[in-house]
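Read the figures in this text as sums done on the coordinates, not as results from a lab. Keep in mind that what you see is a predicted model, and the values were worked out from it rather than measured. Neighbour counts run over all protein chains shown; Cβ positions are idealised from the backbone, glycine included.
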Amino acid sequence: MVPSRRGAILLPAPLAALLLSAAPAAAQVEDGQLWEQVNLVVPLTPQVRVTLEQIARWGDRNDGLTQTEVGGLLGYKLGDTLELGIGYRHVGLYSASGPTVHEDRLRQQLVLTRGRLVGRLRVDERFNPGGSEVGFRVRPLARYNQPLGRRGYALYVSHESFIVPNSTAWGQRSGYERMRNMAGVTLPFVRRKVMLDIGYLNQYRLGLGGARPQMEHALSLQLTVNALGPILHD
């Protein structure tokens, strides 16, 4: 329990810590953003597929482009519910107050699909020109899809956490770094060969290493195109 003066309410320590961390919310940095992503899925065999990805993000604080990503992911189905993936992205980080930084990222992930629930565990390795150290990140994600009829329309909600196990000289700080929460709708096109996710994304960065916390409100648009057939949603 947290000690208090006479007459004050005593709170459990974890709850008190949570309230104290939320207290300076007025001092956090907020930003309105637009996130765009295009995925091209190319099945090679019934078990193997390649996904090519392009990402761009814009923000009010930067008065324009904040981040770009280009890369690909090789996926291998281990069964009806499990898929293993390995991929690469080249990332451009743009700042209104400094030079553009380009870094390379490797990633490995395991995706579990059980009915309407999708779970993903991803590990990133970041290679930044600011130093030789590799920055690691662990990113668990959970998503729930609620179908609307049989035509592929669906509502979805998701949560993703960013857990950083190591600090680097070029700026990465260890700890629970951020969370992303999303809610939106999936719209099918061209006989479900094309799917568009439109949603609201809330990203909260905890401000590790003395930095100010940040909250980003984004309109998220993600277009997924299957080169050979319909994209299935449970």
Study note, to complete from the structure: Semi-axes (Å, rounded, descending) of the ellipsoid equivalent to the chain per its C-alpha gyration tensor are 33, 23, 19
Point to revise | Residue-count net charge about ASN128 - beta-carbon cut-off 11 Å; Lys, Arg +1, Asp, Glu -1 | key: -2
Review point. Magnitude of the Cβ-charge dipole of the chain, K/R +1 and D/E -1, about the Cα centre, nearest 20 debye?
Key: 720 debye
Practice item. Mind pulling the angle between the C-alpha long axis of helix 13-22 and the longest principal axis of the chain? Nearest 10 degrees, somewhere in 0 to 90. Key: 80 degrees
Exercise for review: With an 8 Å cut-off on Cα pairs and a minimum separation of 6 or more residues, tell me the relative contact order of the range 31-226 in percent.
Suggested key: 16 percent
Check your understanding: Can you work out the FRET efficiency for the pair GLN108 and GLU133, with r the C-beta to C-beta distance and R0 = 30 Å, to the nearest 0.05?
Key -> 0.95
